[in-house]
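Student: Mind having a look at this structure? Questions to follow.
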Amino acid sequence: MTVLRHPDSFSSQPADMYDWSPHAPRSWLPTVIEASCCEEYVLCSEGAEFFVRRRTDDGLYQETARGRYARAAKAWNDLAAEHRHQERADPKTARDPWW
C-alpha cells in the first residue's frame, strides 16, 4: 500500500543542495502552480511531471526536482522559504521578451 505524505513532512534541504540543470521543456507551455514573491522560484507542471524553475542572469531557465508533486513541492517550499527578495541589476532585463 502506498502512503502519501504531505510535502511539509519531509526534512528540509538547503537551497544550494539542489542540482540545477538547463530547463528542457516537454510541452509548449508549462502550468504555473505556485511562485515565490518575485518569481525567483516557480513550481510548474508539464502534464504529470512537476519541477521547480528559476531564471538565470542571462535570461535562460534552469530546473530542479523534476518528477512527482511531493518532491517538487518540497523543493519549492524549501527554496521559497530561504529566498530573500532582491532587485535584479537592471529592471529592463525583462522576464518577457517584449519589454
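Student: Only one of (1) modelled with pLDDT under 90; (2) β-branched (V, I, T); (3) crowded, with 18+ Cβ neighbours inside 10 Å is not met by T2, so which one is it?
Tutor: (3) is the only condition that T2 fails.
Student: Return yes when R53 is surrounded by 15 or more Cβ atoms within 10 Å (Cβ to Cβ), touching a Cys at 6+ places or on another chain (Cβ under 9 Å) and of a type outside the set (A, V, I, L, M, F, W, C) and no when it is not.
Tutor: Here the answer is yes, as R53 does meet what is asked.
Student: Right, next: Any idea which of E40, E34 is within 17 Å of R84 (Cα to Cα), part of a loop (DSSP other than H, G, I, E, B) and not hydrophobic (A, V, I, L, M, F, W, C)?
Tutor: Result of the check over E40, E34: E40.
Student: Okay, moving on. Please indicate, with yes or no, whether at least one residue in the stretch 25-42 is of a type in the set (D, E), at pLDDT 90 or above and exposed (fewer than 15 other Cβ atoms within 10 Å of the Cβ).
Tutor: Looking through the stretch 25-42, at least one residue is of a type in the set (D, E), at pLDDT 90 or above and exposed (fewer than 15 other Cβ atoms within 10 Å of the Cβ).
The values are calculated or read from the model by the stated rules, or taken from the named source; none is laboratory data. These numbers were taken from a predicted model, which means no experiment stands behind them. No Cβ is skipped: glycine too gets one built from the backbone with ideal geometry, and neighbour counts run over all protein chains shown.
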